[in-house]
Amino acid sequence: MNTDPFKAVPEPTLKRLPLYHRFLKEVQGSGKETVSCTDIGLELNLDPTQVRKDLETAGINGRPRVGYLVGNVVEGLEEFLGWKKVNEAFLVGAGSMGAALLGYHKFEECGLKIVAAFDTDPAKIGKRIHGKHVLTLEKMPDLADRMHILIGIITVPASHAQEIAELMVQGGIRAIWNFAPIRLRLPGHIIVHNEDLYCSLASLSQKLALELRTGKARAASAAKRHAIPVLN
């Protein structure tokens, strides 16, 4: 790999790299050994030039008239994205969403292992969800510090998210994946990624409404063009 690991990578590029990895894992499973930027671009509806630039950002270069060795690209992407090293994480909020995340085993293929969950609900504390212990919230900061946990996942209501985030920082957690619909106010060195499902749903709903409106307009226009004129 010929890239500076400390160089900031544009967010759009970071979001495309896992798409390449997922597609190339499928290609690898089919037994195909080489792939081109054109192949990737056609499958993912992306400009092949953009694909090449993204892979170069990750330090992955192809060979003229050969393309890329699929296995090398998969390995290179996993290394660049930090998926080769397992990062242990704590999750706070063992409700419906938290339980769903605890049960999603493919996270471990991406280097994320949720080792424990925390909650304040006595009905949940002491139980296991998908094999993960649910512990009382008050234990979280000390355990995070002692176990050197660097990633925290928040799946609590918005009214409690800020408090939970501060407890995570207190325990030495440096990166927070926030599923609560609120913007957290934390020190600048803390990495926060907000997974705002409300915004995603609003975007989906608006696009659907627009498509329905334009679809009706197209249908009305087509009907008008094919209407049989009435002779008086």
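So which of Val70, Val66, Val92 ends up being in contact (Cβ under 8 Å) with a residue 24 or more places away in the chain, among the β-branched types (Val, Ile, Thr), farther than 22 Å from Pro10 by Cα and open to solvent by 40 Å² or more (accessible area, probe 1.4 Å)? Talk me through it step by step, then tell me what you get.
On the way: Val70 fails: open to solvent by 40 Å² or more (accessible area, probe 1.4 Å); Val92 fails: open to solvent by 40 Å² or more (accessible area, probe 1.4 Å).
Selected residue: Val66, the only one of Val70, Val66, Val92 that is in contact (Cβ under 8 Å) with a residue 24 or more places away in the chain, among the β-branched types (Val, Ile, Thr), farther than 22 Å from Pro10 by Cα and open to solvent by 40 Å² or more (accessible area, probe 1.4 Å).
Taking the conditions exactly as written (within 30 Å of Lys124 (Cα to Cα), over 18 Å from the mean Cα position of the chain (by Cα) and not aliphatic (A, V, I, L, M)), does Gly93 satisfy them or not? Let's see the steps before the verdict.
Working: within 30 Å of Lys124 (Cα to Cα): yes; over 18 Å from the mean Cα position of the chain (by Cα): yes; not aliphatic (A, V, I, L, M): yes.
Yes: the conditions hold for Gly93.
Within segment 74-81, does at least one residue satisfy the condition of being open to solvent by 50 Å² or more (accessible area, probe 1.4 Å), in contact (Cβ under 8 Å) with a residue 40 or more places away in the chain, under 30 Å from Ala144 (Cα atoms) and in a strand (DSSP E or B)?
Start the filter on segment 74-81 by keeping residues that are open to solvent by 50 Å² or more (accessible area, probe 1.4 Å), which leaves 75, 79.
If we keep only those that are in contact (Cβ under 8 Å) with a residue 40 or more places away in the chain as well, we get 79.
Subsequent filtering for residues that are under 30 Å from Ala144 (Cα atoms) retains 79.
Next, only the ones that are in a strand (DSSP E or B) stay: none.
No, there is no match, as no residue in segment 74-81 is open to solvent by 50 Å² or more (accessible area, probe 1.4 Å), in contact (Cβ under 8 Å) with a residue 40 or more places away in the chain, under 30 Å from Ala144 (Cα atoms) and in a strand (DSSP E or B).
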Problem - Index of the failed condition, Lys32 passing every other in (1) over 29 Å from Ile129 (Cα atoms); (2) buried (at least 16 other Cβ atoms within 10 Å of the Cβ) - result: (2)
Practice task
Could you grab the pairs with beta carbons closer than 9 Å, sequence gap of 6+ or different chains, first residue in segment 42-61 and at positive phi, second one open to solvent by 70 Å² or more (accessible area, probe 1.4 Å) and hydrophobic (A, V, I, L, M, F, W, C)?
Solution key: Gly59/Met1
Completion exercise
Cβ pairs under 9 Å, 6+ apart or interchain, first in segment 186-205 and open to solvent by 50 Å² or more (accessible area, probe 1.4 Å) and at pLDDT below 85, second in a helix (DSSP H, G or I) and not charged (D, E, K, R), ordered by first then second residue, are Leu197/Met97
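Considering only segment 130-186, state which residues are part of a helix (DSSP H, G or I), hydrophobic (A, V, I, L, M, F, W, C) and under 17 Å from Gly93 (Cβ atoms). Lay out the reasoning, then the answer.
Pass one, segment 130-186, residues part of a helix (DSSP H, G or I): 137-147, 158-170.
If we keep only those that are hydrophobic (A, V, I, L, M, F, W, C) as well, we get 137, 140, 143-144, 147, 158, 161, 164-165, 167-169.
Within segment 130-186, Leu137, Met140, Leu143, Ala144, Ala158, Ala161, Ile164, Ala165, Leu167, Met168, Val169 meet the criteria.
The values are calculated or read from the model by the stated rules, or taken from the named source; none is laboratory data. Please read these numbers as outputs of a predicted model, since none were measured by experiment. Every residue, glycine among them, receives a Cβ derived from its backbone with ideal geometry; neighbour counts consider all protein chains shown. Surface areas here come from the heavy atoms of the whole protein model, side chains and all, with no ligands, DNA or RNA. Shrake-Rupley method; radii C 1.70, N 1.55, O 1.52, S 1.80 Å.
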